[in-house]
Structure formats: C-alpha cells, structure tokens
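What follows is a set of notes on a single structure, which appears directly below.
The values are calculated or read from the model by the stated rules, or taken from the named source; none is laboratory data. Computed from a prediction, not measured in an experiment: that's the story for all the values here. Glycine gets a Cβ as well: all are built from the backbone with ideal geometry, and neighbour counts include every protein chain shown. Each accessible area value is taken on the protein alone, full model and side chains, heavy atoms only, with ligands, DNA and RNA left out. Shrake-Rupley method; radii C 1.70, N 1.55, O 1.52, S 1.80 Å.
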Amino acid sequence: MAENDTHYNGVMNGNHEESEPAANSGAEPVIPLPNPGEGGPVYPGNDSSSIPVIPLPNPGEGGPVYPGNDSSSIPVIPLPNPGEGGPVYPGNCNNSGGCTWLPSFPPLPGPPSVSPQYFGQVRFLNASTNTFAVDIYIDSTNYAANSRFGSVSNYDWIADGFHTVTVRRANGMRNILLQQNFPFVANQKVTMVLTDSAAGGLEMIRIIDTGCNNLPSRSGCYRFANMAYSGSSFDLFLTGGETVFRNVNFQTVTSYKQAVAGSYQFYVTDSNNYTFMHELPIIVIGAVATGSTVRQPLVSFSVNINAGRNYTSYIIGNTWSGCGLRVLTVED
C-alpha cells in the first residue's frame, strides 16, 4: 500500500477496500449520532466505564430521562403536559436513593356554601286535582319532578330575586300549563301551592312560612289553609266543639296561633255565619267550648304539635272527583 494514501477513520478514500485498524490497538470504533428524530443510544466517548446515554424524547412523548453516568442516580420522570395530572417525582428522599411518589390530584368538587344573606328556601305542594303528573321548574331547574295531587317537595335553596316558575306535563307532549314570575327573598321560606283555578286551569299561590317567634316554653304554632276548590269556605274545630278558625276562604291561609304542645284532633265543616262563634285565642287541649254547635264534619284529622315548631294544615281536593277532600299537615 502506498505511503501517501490518505486514511479517514480507518476507511480509504476512493474505491480502495477498508484498511486494517490504526496503530493504536486500544481505540474503539465511534458510533455516529442518529439522524434527528430517530432516537436510539448515543455513545459519549472512548471511556470503557461510560454507559450509553439515552437521548431526550421528542416534546410531548414523555418517558424517562437519564441524568448522567452516576450509577446511583435514578431515572427522572418528566412532568406531565398541562391538564394531564398524574404523579410528580419530587426528587431524592433519602441517602439510599429511595424516593416517595406523590400523586397530584385535582381538588374534589363540593357543594357551594349557601348563605341566607343571598338565598331563601322554597318548596312546592301540589293541590291540583288533575290526574296527570307535572314537573315544576324555577327558571331552568326542576324543583318538583313527577308531582301529583297531595305531594309536597322538600325545601330547596333559591337565590334572592325574581324567578320564573313553569309547570309542565311530566310526560307526553310536556306542554306548558302555567308560567309566572315570583319574587323570592333571602332568608325567607315559602311554600308554592299549585291549585285548580275557577276558570278550569291552574294557579300558583305563594305562602310565606314565617312562623311564631319568642314562643313560650312547651308551645308551638299552628295555622290552617284552604287550597281545595273555588267558592269553598271552611271552619276548623277541635273535637270538643271549640272553634279554632272561621270562614277560611279558597286560596287563603290563616295567621299562626300559639298552640300548647300535644296531640290534637280537628274536624272541618262548611262555614256558617253564626255571630256567636268565637275563635280560641290560644289552641289548648281540653279548652272550654265557645258556644259553637257540633256539625257534620267534611273531614277530620289529627296533628301532633311539638314545642318550638310551626305547622300548617292544608285542605285540598273536592267532593266530586276521585281525589275527595283531604288534609295535609306539614312542618314549616
């Protein structure tokens, strides 16, 4: 082989074959860098103690990254892309190389805090004698699903201000039966009563459930509401004949009266105009009759009144439909 032949990394220029290794027999072949995007190991040098270096992944690929040639080092897991979540490696935790994986979780959702300063409470009582169920919405929220005659929902929160109440059929065409705006007041409880109207449609009656304050010990509050049918008027009596409320007309509710805690038996009659009938100022078990005469009751019912609690008895229905007359007593 000629002395002036040029060598480059052990390979001859031109069409000559590969030559023998260079004089330094300790040298090792150098592995070329991969083309961009191919990945693969890269050899850092001729030091026999070195370890192949794994290249960084392309952006977004993830995967482990090797930090150096220290045999005690631990692969570092890259942070996830924004929004992916998952565990995050915090670093070395002790001298032995052990680390703690701390998963990063998003905060758990919880119910919003509701303040009476900005919210009131509302419930719905269905006194309509229609045979089909209805859904009752406030704005776009369903507050009473599949509501039927005699059903009452629980109190639920409503923001202070004016809101639209909509009544729809629960099934079928789901057409709007009633739609009306009502005011709702912060720190106030109301019962919205769906009743039959005199014209044959539906009406919504708003009743404020603000009861008695500063009650004497062992006393509660009680009132009576007529949500039966147009033109009706009722009297409410204790079984001993004592008059509790007189001439309660359709879609009206009486004021609360103080009632000594205990179990009471009441009955309802059609109203009369006897001038000698006087209402009891306080509802007491075993009160002396006030000159009223016992008449044939339309419906009778019992109520347990607990101290410090408020109650309303609603008479609903009619005498000519399958619903009949009934009394529904609820705690306010």
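Here Q117 clears all of (1) touching a Ser or Thr at 6+ places or on another chain (Cβ under 6 Å); (2) open to solvent by 50 Å² or more (accessible area, probe 1.4 Å); (3) not in a strand (DSSP E or B) except the condition numbered (1).
Applying the condition of being at pLDDT below 95 and of a type in the set (A, V, I, L, M, F, W, C) to region 308-324 and asking which residue is surrounded by the most Cβ atoms within 10 Å (Cβ to Cβ) yields C323.
Of everything in region 166-218 that's open to solvent by 60 Å² or more (accessible area, probe 1.4 Å) and charged (D, E, K, R), which residue is nearest to the chain's Cα centre (by Cα)?
Within region 166-218, the subset open to solvent by 60 Å² or more (accessible area, probe 1.4 Å) is 168-169, 171-176, 179-181, 185, 187, 189, 198-200, 203, 206, 208, 210, 213-214, 216-218.
From what is left, the residues that are charged (D, E, K, R) are 168-169, 174, 189, 203, 206, 218.
Numbers: R168: 22, R169: 23, R174: 24, K189: 19, E203: 28, R206: 24, R218: 36 Å.
Looking at residues that are open to solvent by 60 Å² or more (accessible area, probe 1.4 Å) and charged (D, E, K, R), I get K189.
When region 224-265 is filtered for residues that are among the hydroxyl-bearing types (S, T, Y) and either farther than 15 Å from T329 by Cα or open to solvent by 50 Å² or more (accessible area, probe 1.4 Å) (or both), the ones remaining, listed by number, are Y229, S230, S232, S233, T239, T243, T252, S255, S263. Only residues that are more than 32 Å from the chain's Cα centre (by Cα) and more than 17 Å from F224 (Cβ to Cβ): list them for region 302-322, please. Once the filter is applied, which keeps residues that are more than 32 Å from the chain's Cα centre (by Cα) and more than 17 Å from F224 (Cβ to Cβ), region 302-322 yields N318, T319, W320, S321, G322. Mind checking whether some residue in region 128-151 is surrounded by 16 or more Cβ atoms within 10 Å (Cβ to Cβ) and out of contact with any strand residue (DSSP E or B) (no Cβ under 7 Å at 6 or more places or on another chain)? Within region 128-151, one or more residues are surrounded by 16 or more Cβ atoms within 10 Å (Cβ to Cβ) and out of contact with any strand residue (DSSP E or B) (no Cβ under 7 Å at 6 or more places or on another chain).
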